[in-house]
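The values are calculated or read from the model by the stated rules, or taken from the named source; none is laboratory data. Source: prediction; values computed, not measured. Quick reminder, even Gly has a Cβ in these numbers, built from the backbone with ideal geometry, and neighbours come from all protein chains shown.
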Amino acid sequence: MGTARDVHFHMLPDEADNEVVDPRFREGPYPAEEVEKRLRGFVEPPSHAACRRVLGRRVLLLRGGGGTGTGTAAFALLRERFGAGGLIGLDPGLDLTRWSPSAPRGYLLQGLSSDAAAALSETALLALTELLGQTGGALVVVVGNGQALPGDTATWQVPHVPPTAYDVAKGHLLSMAQEGRLPGHMLSMALTHLDEPRFADYVGPVQLPVAGVDVAEELREVAIGERSVADAVENLRTGGDKAVQETLTRLRASAEGLAFVAAVALLEHQDRTVIRQYANGLRDHITERAVQRGAVPPPVPDTSPQWDLLGCSFEDRLTEIRAKLLSRRVVRTNSTRYWSQPVVFQGRHQAEFLLRRLWWDYDGMSEGIWSALRDMPYQLGIDLAAGRAIGVVLCHATGPKWLQPLYEFASSDDRWRRRLAAYALGEVAQNPDLSGAVRAQLRDWSRLRDVNMRCTVAETCAGSFGLSRPNAALDLLHAILQGSDEELKPRLRSAVTFALNVLLTEESNRPAVLGRLTEWLTEPVGSLRRVYAVHAITALSPTASAGPFRPTALRLHLAELIAAQEEGLLPLVTAALENPASHPAMAEALTVVGSSPDSRQRVCLAELLAALSDASNGRRGVVTFLLSRYRARTAAAISEGTRP
């Protein structure tokens, strides 16, 4: 009991989840570790040899259906030729007839648009082949089975033949053993269970490769003693669409049961108290809707001696929907620590299937889910869990206004609601076929005067969307910062800073971020972009004062940038010194680096100052700094009796 005092439950009203979701799809270089992670347990499909032959001619059009591993096969082909660090993703909306490769890399285009597909004639492909041959690169275009291509491209096309689910399961188990997640004797046990008849239905020829991954994960749990074989088989069964329909049929007459299963589907992995609170709110919405439709009579309290005052226990309700409680653990955040006991379904895809069926197959359920979210007070993590779950559901939406449901939360004054919309948009944008629509929606929102909508755009850039499309994210942030300095609300400044900080977590984005800040510093006086850039540079100063506009905590460490001789640093330093508002902060930051005990930082600073001196002609701010530094060093040398 002594440690209980360290666990408290206070929650700030303006908190929101700041977790950054890793992208699954990129427009730009793929990090090598990301490629290796994606290809863990990869099983070479039967069509791989044919793909190699065609790719030897520089261009491959790889046809395949969703969930068959077509994209993974494309990654494997390009890694084989260019290494894990040699892959570059292309924009799905790119017109390949106007594109030129820039390096000897493996280029991957997923989610080809209809217009781009129609333009891929034999002439265009021959031109691409020549360009790729000149640079030493290669291109794989992943094409859906239902997408039309010109008839004269047949020699470049290869239909993807996926490996069997059995081979995928076996491959993943072997990979787990190589990674140390499954000791050798346990691997033998798992492989023996894989050949048992009770798993045959889940790794048979009609199953997609992803089913093999699920089987491998379940067999690992069996091998390490986390669950029985019977439980593993049951988990695989309950994760299917048939079991989901059985659950909904069984609960269709119970508002409480439907609300509870929807709560777990929407907020899986959240604490039991969060699940209960949301389910209670959703139950009221479901009951009210049923009464309005005349489906049930208005509830009348039962005063008979048999009235059940306790009702169904939480554990019994979990058992009814094939869910379970995980072990209790302490959650730590910046402002609080508390006990949490997450709730999960037994089936791996049960939450996704259930929420999708409730959302799209039953009128009024999606509105009820939104209404209950609207009425719910903030609980840590619900923006992340609900946003990603809703994003997955929206990937199956139809109609021209399929993103319209996010508008209310995107325009909210509450940051957690804007974060929820941002997580949903980020999840949708990871689908190559839908990423263009998300980008267009964000572009429209970035031009609105509503500061909340612009904040949501920035919050979306501060996640998988921004990391997968850094150039597009910077363009959106540029559009957000439109107008005069009077419009730089604290929430907007914080949202833009958060987005830039997320981009800066990957070193490859640093030059582009520095370049954009340099551009903003040279905007007209009083513009929103210039004011923001000044505050960002002011944060470099160790003694920056708080003031009414506290400098944004942008993760720009000048000493690190100088030591790394970062590309784009010289123009940024020049622009900051030329700007009267940012000059003091940049000058002070440079002076601090000059007195650093790190010899490498001092040497690199000397090189930077030499380049700065060479570019000082006609730049008053730069000359002022260099003269001030010279005078300070001269005065210090005289006082010490040494040469400056």
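For this structure, a couple of remarks:
- Some residue of the range 475-484 being part of a helix (DSSP H, G or I), in contact (Cβ under 8 Å) with a residue 24 or more places away in the chain and over 17 Å from residue 425 (Cβ atoms): yes
- Qualifying residue in the range 406-424 (condition: in a loop (DSSP other than H, G, I, E, B), of a type in the set (Lys, Arg) and modelled with pLDDT under 95): no
- Flag if residue 16 is surrounded by 18 or more Cβ atoms within 10 Å (Cβ to Cβ), more than 20 Å from residue 141 (Cβ to Cβ) and assigned by TED's automatic domain parsing to the domain that holds residue 135: no
- Extreme residue, nearest to residue 34 (Cα to Cα), among residues of the range 78-89 that are hydrophobic (A, V, I, L, M, F, W, C) and surrounded by fewer than 23 Cβ atoms within 10 Å (Cβ to Cβ): 84
- Answer residue from the range 156-192, given it is touching a residue at least 60 places away in the same chain (Cβ under 8 Å) and more than 22 Å from residue 67 (Cα to Cα) and is surrounded by the most Cβ atoms within 10 Å (Cβ to Cβ) among those: 156
- Here 103, 50, 32, 117 are screened, and the one residue that is surrounded by fewer than 21 Cβ atoms within 10 Å (Cβ to Cβ) and more than 25 Å from residue 162 (Cα to Cα) is 103.
- Extreme residue, nearest to residue 47 (Cα to Cα), among residues of the range 120-152 that are among the β-branched types (Val, Ile, Thr) and surrounded by fewer than 18 Cβ atoms within 10 Å (Cβ to Cβ): 129
- Condition met for residue 87 (under 25 Å from residue 167 (Cα atoms) and under 28 Å from the mean Cα position of the chain (by Cα)): no
- Note on the range 324-346: among residues that are within 12 Å of residue 264 (Cα to Cα) and touching a residue at least 60 places away in the same chain (Cβ under 8 Å), the one that is surrounded by the fewest Cβ atoms within 10 Å (Cβ to Cβ) is 344.
- Of the criteria (1) of a type outside the set (S, T, N, Q); (2) within 23 Å of residue 431 (Cβ to Cβ); (3) more than 26 Å from the chain's Cα centre (by Cα), which one residue 109 fails: (3)
- Of the helices (runs of 4 or more DSSP H) contained entirely in the range 541-644, those carrying at least 1 residues that are modelled with pLDDT of 85 or more and loosely packed, with under 12 Cβ neighbours inside 10 Å fall at 599-614, 620-640.
- All positions within the range 35-52 that are assigned to a loop (DSSP other than H, G, I, E, B) and either closer than 20 Å to residue 83 by Cβ or free of Cβ contacts under 8 Å to residues at least 24 places away in the same chain (or both): 39, 40, 41, 42, 44
- Considering (1) without any contact (Cβ under 8 Å) to a residue 24 or more places away in the chain; (2) closer than 21 Å to residue 506 by Cα; (3) small (Gly, Ala, Ser), the lone condition that residue 440 does not fulfil carries the number (2).
- Flag for residue 263 being more than 30 Å from the chain's Cα centre (by Cα) and touching a residue at least 12 places away in the same chain (Cβ under 8 Å): no
- Number of residues in the range 389-440 that are out of contact with any Phe, Trp or Tyr (no Cβ under 8 Å at 6 or more places or on another chain), hydroxyl-bearing (Ser, Thr, Tyr) and buried (at least 18 other Cβ atoms within 10 Å of the Cβ): the value is 3.
- In this entry, residue 384 passes the filter for residues that are assigned to a helix (DSSP H, G or I), of a type in the set (A, V, I, L, M, F, W, C) and either closer than 19 Å to residue 421 by Cβ or not assigned by TED's automatic domain parsing to the domain that holds residue 259 (or both).
- Per-region count, the range 53-71, residues buried (at least 22 other Cβ atoms within 10 Å of the Cβ), at pLDDT 95 or above and part of a helix (DSSP H, G or I): 1
- If you go through the range 525-536 and keep only what is part of a helix (DSSP H, G or I) and either modelled with pLDDT under 90 or touching a strand residue (DSSP E or B) at 6+ places or on another chain (Cβ under 9 Å) (or both), you end up with 528, 531, 535, 536.
- Among (1) in the same structural domain as residue 561 (by TED's automatic domain parsing); (2) surrounded by fewer than 16 Cβ atoms within 10 Å (Cβ to Cβ) - the single one residue 518 does not satisfy: (2)
- Residue 452 being among the polar types (S, T, N, Q), assigned to a helix (DSSP H, G or I) and under 18 Å from residue 405 (Cβ atoms): yes
- The set of residues in the range 448-488 being more than 14 Å from residue 411 (Cβ to Cβ) and of a type in the set (D, E, K, R) consists of 469, 475, 485, 486, 487.
- Residue 344 vs. criteria more than 17 Å from residue 254 (Cα to Cα), touching a Gly at 6+ places or on another chain (Cβ under 9 Å), in the same structural domain as residue 283 (by TED's automatic domain parsing) and part of a strand (DSSP E or B): no
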